[in-house]
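Following: one structure in structure tokens, then a few remarks.
The values are calculated or read from the model by the stated rules, or taken from the named source; none is laboratory data. Here the structure is a predicted model, which is why all the values come from computation and not from measurement. In this analysis, Cβ positions are derived from the backbone assuming ideal geometry, glycine residues included, and neighbour counts consider all displayed protein chains. Remember, those area values only see protein heavy atoms, side chains included, never the ligands or the DNA or RNA. Shrake-Rupley method; radii C 1.70, N 1.55, O 1.52, S 1.80 Å.
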Amino acid sequence: MLGLFSLLALIALFLETAIPHLVPAHVLIPNLIVILVVDLGLRYHGALGALMAFAMGYATDAFSGIHLGVNSFLMTLLFLLTYEMSRRLLVTNALVGSVLVFFGVIMTALGGLWLGSGTEVLSESGPMLPWLLAQAAITAIIAPFVFALVAQCRRAIGLPARFARE
């Protein structure tokens, strides 16, 4: 699991940092790291999943250039929230994952803005909300396809679909 999600996170970070130079509309770029963290929270319940979420957030911090630790905290928090939701719900499917991804994109964007710049910047974030909602919707739409791709990769290397709950 560690190797698979490390490779997928590196590919996601490469795509998220290389594509903005090719596509003028940054809103069209989905947040693939949030999708991977939600997948971890839905299917991998344990310390290794939380550690992977933290590492993906830290790598995002290193690539994006914002304050180190902001995305690490937010991705770990998103993992924990997703983990709790998956424990409380009777079914965790792609639709539930997409809804969690939608709200995860909004939470990480606004949380990063708040933690990186302070509370006064949130009151001025009104003009960016339509773009944020569009990015969250695009990310939620492609989330089931990424979940399926991750599941195929897991099966290809022989990992179980879901590790046992602790």
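Note the angle between two axes, namely the Cα long axis of helix 47-64 and the longest principal axis of the Cα atoms of the chain, as a number of degrees from 0 to 90, rounded to the nearest 10. With both axes taken from Cα atoms, the answer is about 30 degrees. Springs join every pair of Cα atoms under 10 Å in this Gaussian network model of the chain, and among Leu13, Leu129, Leu100 the largest mean-square fluctuation is at Leu129.
Prolate is the label for region 1-94, because the ratio a/c of its alpha-carbon gyration tensor axes (a ≥ b ≥ c) is 1.5 or higher and a/b is greater than b/c. Computed from the Cβ-Cβ distance with R0 of 30 Å, the FRET efficiency linking Arg88 to Ser64 stands at 0.40.
Hey, can you find the accessible area per residue of the chain for me, probe 1.4 Å, expressed in square angstrom? It would help to have the intermediate numbers written out before the result.
Values: 8690 Å² over 166 residues.
On a per-residue basis, the chain sits at 52 Å².
Report in % the part of the accessible area of the chain that belongs to carbon and sulfur, leaving out ligands and nucleic acids; probe 1.4 Å. That fraction is 74 percent. Among Ile33, Trp114, Gly69, whose Cα lies farthest out toward the positive end of the dipole of the chain, if unit charges sit on the beta carbon of Lys, Arg (+1) and Asp, Glu (-1)? Selected residue: Ile33.
From the protein chains alone at 1.4 Å, what is the descending order of accessible area for Leu68, Leu159, Leu90, Leu36, largest first? Write down the numbers at each step before the final one.
Numbers: Leu68 110, Leu159 40, Leu90 185, Leu36 5 Å².
The most accessible residue leads, giving Leu90, Leu68, Leu159, Leu36.
For region 2-49, the square roots a ≥ b ≥ c of the C-alpha gyration tensor eigenvalues yield an a/c of 1.5 or more together with a/b not exceeding b/c, which makes the shape oblate. A 1.4 Å probe, protein heavy atoms only, puts the accessible area of Met56 near 10 Å².
In a fully extended conformation the segment linking Leu132 and Leu2 would gain 43.8 nm over its present Cα-Cα distance, using 0.36 nm per residue.
Given +1 at the Cβ of Lys and Arg, -1 at the Cβ of Asp and Glu and no other charges, the dipole of the chain around its Cα centre is 660 debye to the nearest 20.
The computed Rg and Dmax of the Cα atoms in Å for the structure shown corresponds, within [x] 18.2, 62; [y] 24.2, 89; [z] 15.3, 49, to [z]. Net length available on complete extension from Phe14 to Leu115 is 33.9 nm, with 0.36 nm assigned per residue and the Cα-Cα distance removed.
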